[in-house]
Structure formats: C-alpha cells, structure tokens
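FYI, it's all coordinate maths here, none of it is from the lab. This one's a predicted model, so the numbers in the text were calculated from it and none came from an experiment. Cβ coordinates were reconstructed from backbone atoms using ideal geometry, including for glycine residues, and neighbour counts include every protein chain displayed.
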Amino acid sequence: MLSVENFSVTFTMYDRGLVQKQLTVITDLDLEVRAGEVVAVVGSSGSGKSLLAHAVLGILPANAETSGRILFQGEPLSAARCQALRGRAIALIPQSIGYLDPLMTVGAQVCRVGQLNGLAKPAAKLVMLETFKRYNLASEVQHLYPFQLSGGMARRVLVAMAVVGQAELVIADEPTPGLHPDVVTETLNHLRELASEGKGVMLITHDIEAALQIADRVAVFYAGTTVEIAAASDFANGKLRHPYTQALWRALPQHDFIPVAGD
Amino acid sequence: MQLKRLAQFTVRKLIRLVLLLIAVSLFSFVLVSLSPVDPINAYVGAEMLQIGPEQRQLIAERWGLDQPMITRFWLWLQQLGSGNLGTSMIFNQPVGTVIANRFQVSLQMLAIAWLLSGLLGLGLGVLAGAYEGRWIDRTIRFYAYILASSPTFWMALLLLIIFSVTLKLTPICCAAPPGVLATDVTLGQRIHHLILPAVTLSIIGVASIALHTRQKLIEVLNSDYVLFARAQGETLWGIIRHHGLRNILLPAITLQFASLSELFGGAVLAEQVFAYPGLGEATVQAALRSDVPLLVGIVFFSALFVYIGNTIADLTYQIIDPRIRIGGL
C-alpha cells in the first residue's frame, strides 16, 4: 500500500549569519506498509520518525527538501496527489491533545474531518456519533473542549478522528507516551483492530515493547534511516541482525536491562 | 462559584477604579494649578489692560482662586461627592454639561474610527499573516510601520492638504458648515464633516492592530493543531476560517478594547487639526486656558472611559475563552 524507497529529507537552514547549512535528517530510507498490517517504526527521540510521517502526509516545513520515492497504492505520491489524499486516504493520529484546536469543541473538530471527507454536515454528525459509540465515548463528549478530556478519552477521540474519514493508511505518531498501561493497551488494540479491517497502520513510537505487542513487522530507525526491518517474532526468537536492534532489545527491563550507549 | 468569582472580580475592579480616579484627579489638579498659565489672564484675554486689580480680585474670589490649592481640591472633592463636577471657567457652563455635549460630538467620530480600525486592522493582519514573507505581507508591514511611526497631527494635516485643499472633497474644518444654525444641520452634512477626522484616527489605529493580528496568526499557523488540521486536508483558508479566526479573535477583541486609550489620545490631536468641536478640542482649550474644573473633569471622564474599555477587554476572556469560563483556570 505504502512503499518508501530510498527516501531522504534535507533541511536548509541558516547556521551563523548568512551561511547556509544543509542538515540531512532522513537518509536512504526504505519502508513498506501493506494493507492489513501494522508496521512499527521504532527509534529514539529525535531520530526523525515524526518527519517520516509528515513527509508521507506532505506537511513538511517549507525549508525541507526530499529525494527518493514514496509510492501510495502503486503510484508516486506527488505534491498534488498528496494534497488530495491527506486526511482522506491517509490519516494521522497525532501525539497528544495538543494537536486539537483548544477553542473548538471536540464534536465540531471530529465533524470537520467528516466534512473534509466530502460528507455534508448532518451526515458528518451521524458518522461522528457512530464512531463515538464504537469507541465507547458518550455523546456528551462532543460538547467538551479538548482541555476537559481525560487521557484515555483523548486517545479515543484522536483514534475516532482517523476513523471518521475512510482512511486506508493510518499513521499513528507516538500515540502512547505518558499514558496509563491500560490506556496504552487499549489504544494499541484500537490500532490492531484498524489493521484487521484491512487498513495499513504505521505505528511510530520509541516504545519497542508497545510496538511488539501489536506490530507485524518492526522497522528500527537509527540516525535517520532504517537499520533493520524485522518481523515481530524475530525479536523473541533472537534472530535480530543489527547490533542497534539487539541493543534495544537487551535494554528492556524484562531482558538484560543494559542501557543503549548514547549516540 | 461562578457568581462568586464574578462578584469578586467586580469588587476588585471597582476598588481599583476608585483609587485610579483619586490619583488621576489629584495629579491633574496639582499639575494644572501649578502651571504657569494664569487662569484669570487666560479668561480675560485681550481686554487685560482695561481691567483693574479690583476686578481681577473679584474674578479670583468668584472662582475661589484666592484660596490655597489644598482647600480648593478639598472643596472640589466634596462637591464631587454630591455629583457636582463644578463649573467650567471658559464655557461658563457646568462641567458635566460641557463634557456631555462635547462627548456626543466626539462619540460618532470615535465609534467610526474604532470600528474601521478594528475591522481593517484585522483584515490586513490576517492577510499579512497568511502570506507571511510574501510581497503582500511585506507591503502591509511596510504600510503599518510607516503609519505606526507617523504622528497623528501630521497625518491629519496631510489628509487635509490632499482631500480638502487639493481635491476639495471634504470640508476644511468643524463639525458643520459655518454660519448654519445647529438645528438646521442635516445628517449628510454632519457625516461629510465627520469623515476625514474619523479616517485619520482609524488609519493610525489600523497599524498596531494589523501587526498584532499578523503576529498572532503566524503563531497559530505554526501550532501543532494547525499542523494536524493540515494533515486532515484543510487548505490554508480553511485553516484560517475554522481555526485561525477562532484563535486570534480573543486577543484581537482584547486589543481592540485596550486601544480605546490610544484612540482617545489621538482624538485630542485630530480634533485640534480639524477644529472639530469634540471632547479632545475642549481638552486643549481647558489646558491652554488653565480651566482646572473642566480639565480635571475631562481627565476624570477619560480615565473612566479607558478603564471601562480595559475592563471589558478583561471580561471577554472570562466570558469567551472556554478554558477560563468552564475550567476556572
């Protein structure tokens, strides 16, 4: 469904005075997400994982330059195609409630996603209520403002927003940090469910443990590129090839608990 | 809970207002009393030579100018307590009446300038913010910086030269054609005389509102929630319509009410240039001729006016922003 080939992102910025500096954040990245599959992209903070998501959605900042290819459903994802598809065929589940408009009620924002997907307002509202029901959100939640949501509710609202549209590829960008373990499991299960419905799910996280719970394959991200793409089962079987992946695995508390050396 | 907070808010504001008014009246009373302009000379004017010291003494006694300043302030304060602002020396009318008449004339001008600068400023600010760094943004910013740094009276003179002297589109002065009885002035004539002063005031006010709005919109457009909105497929104008305006409106309204003070200050200069007989012009008269009761009265009134504007600005947050209204943050 989504295949990223030989993909790089470079930022041009001013270093000191008028001296321009090129900063390559993602280099020669390859990744594939198939329908019905959860692919976890795991890496430490600042390794460029979120930028990958932004690149697929075509919302990188203006000073970013990309090279390589991104194919979506077999066709290159050009800027125009990206604009037509984002929010419709490709949906984003953001990191936190900070990605919701603080002065707009949750219902209005979910409805807006429906409208952007071509539904009329009443139809969008119906879909919203259905989706709320599916994710166990009371219909009163639609009148709440983002700051009034609890952590668990917020997660469900954000997942609901991705589902209101008929997205085929869902990109979840760090959906689980700082959450209660129960909420983490719940959110991950929601993502797994989406994959079972035939959508492709790209789970971006630094939490390798969470990723292994639901992912079919895990892409390990290090210094702007994927060092290894392994099946989730390879982790437990000890079939990991790259030393960084092995180090990540060993760093987990339930294994050897050896910290990963800093970059 | 809500009611209690609102009551506390009101009481706090009222106490501050009373303190402010006391300070403002005390300072203006002392300053005007100490000014080198002799109120009797200013009142008598050109006929100074025909008046003897006895008559001067009579005038001074009638106005209480023979009393020491502290006694006069005390008497004034006592009278204020019973709602009497005193009598204007130059208009020979109660100060309350003078202010009411003059303010009515100024009010239309202020209201037009206020609305115009608010709407124009918001529009230009949004446009500049949406196209940050592009030529349209640069043009608007250039225009705003020039306006922000040009003095009101200079702007007024410039407009007078262009529209009244060269193009002869607008009248050169006053609030009505000269030689026409106040009762015979038509609405059209009044508006005709009103346009230029109001436009002067509003184009000066536009600058700061446009720049503030632009800054706020850029901040909003760089926020996480706008990034998410873009990921949902919103276009730039969709984002501005659904998220931008909503998030810049509160600061804009606050700024708009807080700008009442600048507007009032601008009106003093603009009215002077256009000889527009409003409150601003009366202020200049009162100061130049050392009319203490009128000046203190006007200062009193304008402090009240500006304070109310600021209080409304404070209140809009409490009423409109759901995070404060519901959350009680």
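If amide H atoms are built 1.01 Å from N in the plane of the peptide, which residues on other chains or at least 5 residues away come under 5 Å of the amide H of A:Ile26?
Answer set, sorted by chain and number: A:Val9.
Quick one: dipole size for segment B:95-325, taken about the Cα centre, charges +1 on Lys/Arg Cβ and -1 on Asp/Glu Cβ, in debye to the nearest 20.
Values: 14 positive and 12 negative charges, 76 e Å.
Dipole size: approximately 360 debye.
Grab the DSSP H runs of the protein assembly as shown that are 4 residues or longer, score each as -39,500 (n - 2.57), total them, divide by all residues and round the 222 nm result to the nearest 500 deg cm²/dmol.
Value at 222 nm, helices only, nearest 500: -18000 deg cm²/dmol.
Hey, what do the phi angles of segment B:293-302 turn into as Karplus ³J(HN,Hα) couplings, whole Hz, using 6.51/-1.76/1.60 and θ = phi - 60°, x for Gly and Pro?
Computed from phi, the couplings for segment B:293-302 are x, 5, 4, 4, x, 5, 4, 4, 5, 5 Hz.
Work out Dmax and Rg for segment A:1-153 from the C-alpha atoms and quote the Rg first, both in angstrom.
Radius of gyration, then largest Cα-Cα span, for segment A:1-153: 18.5, 55 Å.
Could you please rank B:Ser82, A:Ser139, A:Ser50, placing first whichever residue has the fewest other Cβ atoms within 10 Å of its Cβ?
On the way: B:Ser82 6, A:Ser139 11, A:Ser50 17.
With the fewest neighbours first, B:Ser82, A:Ser139, A:Ser50 line up as B:Ser82, A:Ser139, A:Ser50.
Using the Karplus curve 6.51 cos²θ - 1.76 cosθ + 1.60 with θ = phi - 60°, work out ³J(HN,Hα) for each residue of segment B:223-231 in order, rounded to whole Hz, and write x for Gly and Pro.
Working through the residues one at a time gives 7, 5, 6, 6, 4, 5, 4, 5, 5 Hz.
With only Lys, Arg, Asp and Glu charged, each at its Cβ (+1 for the first two, -1 for the last two), find how big the charge dipole of the protein assembly as shown is about the Cα centre; round to the nearest 20 debye. Intermediate values should be presented prior to the final figure.
Working: 43 positive and 42 negative charges, 184 e Å.
I would put it at about 880 debye.
Put +1 on the Cβ of every Lys and Arg and -1 on every Asp and Glu Cβ in chain B; which of B:Ile136, B:Val180, B:Met69 then has its Cα farthest towards the positive end of the dipole?
B:Ile136
When A:Ser233, B:Ser33, B:Ser259, B:Ser88 are ordered from fewest to most other Cβ atoms inside 10 Å of their Cβ, what list results?
Working: A:Ser233 11, B:Ser33 17, B:Ser259 22, B:Ser88 25.
Neighbour counts put them in this order, fewest first: A:Ser233, B:Ser33, B:Ser259, B:Ser88.
So what are the three principal axis dimensions of the protein assembly as shown from its Cα atoms, in whole Å, longest to shortest?
Each principal axis gives a Cα extent; for the protein assembly as shown these are 116, 56, 52 Å.
Between B:Thr170 and residues 5 or more places away or on another chain, which pairs have amide H atoms under 5 Å apart, with H built 1.01 Å from N, and which residues are they?
Amide H to amide H, under 5 Å and 5 or more residues apart or across chains, B:Thr170 pairs with B:Ser164.
What is the order of B:Phe142, B:Phe91, fewest Cβ neighbours within 10 Å to most? Display every interim value, and only then the final one.
Values: B:Phe142 10, B:Phe91 17.
Fewest-to-most ranking of B:Phe142, B:Phe91: B:Phe142, B:Phe91.
For A:Tyr222, list long-range residues whose amide hydrogen, built 1.01 Å from N in the peptide plane, is under 5 Å from its own amide hydrogen.
Amide H to amide H, under 5 Å and 5 or more residues apart or across chains, A:Tyr222 pairs with A:Val227.
How big is the dipole moment of segment A:136-253 about its Cα centre under a simple scheme where the beta carbon of each Lys and Arg is +1, that of each Asp and Glu is -1, and everything else is neutral? Debye, nearest 20, please.
On the way: 8 positive and 13 negative charges, 54 e Å.
Dipole about the Cα centre, nearest 20: 260 debye.
Which value, to two decimals, describes the C-alpha radius of gyration of segment A:90-166 once divided by 2.2 N^0.38 Å? Don't skip to the answer; put the middle values down first.
Working: Rg = 11.0 Å, N = 77, 2.2 N^0.38 = 11.5 Å.
With N residues counted in segment A:90-166, Rg over 2.2 N^0.38 Å equals 0.96.
Within the P(r) computed for chain A, what percentage of the Cα pairs occupies the region above 32 Å?
On the way: 8619 of 34453 pairs.
Pairs farther apart than 32 Å: 25 percent.
Residue by residue through segment B:126-136, what is 3J(HN,Hα) from phi via Karplus (6.51 cos²θ - 1.76 cosθ + 1.60, θ = phi - 60°)? Round to whole Hz and write x for glycine and proline.
5, 4, 5, x, 5, 10, 3, x, 7, 4, 5
With unit charges on the beta carbons (Lys and Arg positive, Asp and Glu negative) and the dipole taken about the Cα centre of segment A:90-166, which residue among A:Leu103, A:Gln148, A:Val164 sits farthest to the positive side?
A:Val164
Going toward the positive end of the dipole of the protein assembly as shown, with +1 on Lys and Arg Cβ and -1 on Asp and Glu Cβ, which of B:Leu201, A:Ala210, B:Pro277 do you reach last?
Checking the options against the dipole of the protein assembly as shown, the answer is B:Pro277.
What percentages, rounded to whole numbers, describe P(r) for segment B:41-185 computed over all alpha carbon pairs with 10 Å bin width beginning at zero?
The distribution over segment B:41-185 is 8, 19, 23, 22, 17, 8, 3, 0, given as percents.
Please give the helix B:245-258 orientation as an angle from the longest Cα principal axis of chain B, in degrees from 0 to 90, rounded to the nearest 10.
Long axis of B:245-258 versus the principal axis of chain B: about 10 degrees.
Cross-chain or 8 or more residues apart, Cα under 26 Å: how many lysine pairs in the protein assembly as shown fit that? Count them up, please.
Going through the protein assembly as shown pair by pair, I get 9.
Where the convex hull is taken over the Cα atoms of segment B:123-176, what is its projected area averaged over directions, in nm²? If you can, show how the numbers build up before the last one.
Numbers: hull surface 20.4 nm².
That works out to 5.1 nm², a quarter of the Cα hull's surface.
Which log10 I(q)/I(0) values, to two decimals, does chain B give at q = 0.08, 0.09, 0.11, 0.12 Å⁻¹ under the Debye formula with one point per Cα?
-0.51, -0.63, -0.88, -0.99
Just to confirm my numbers, what's the Cα centroid distance between segment B:58-98 and segment A:4-43 in Å?
Cα centres, segment B:58-98 to segment A:4-43: 77 Å.
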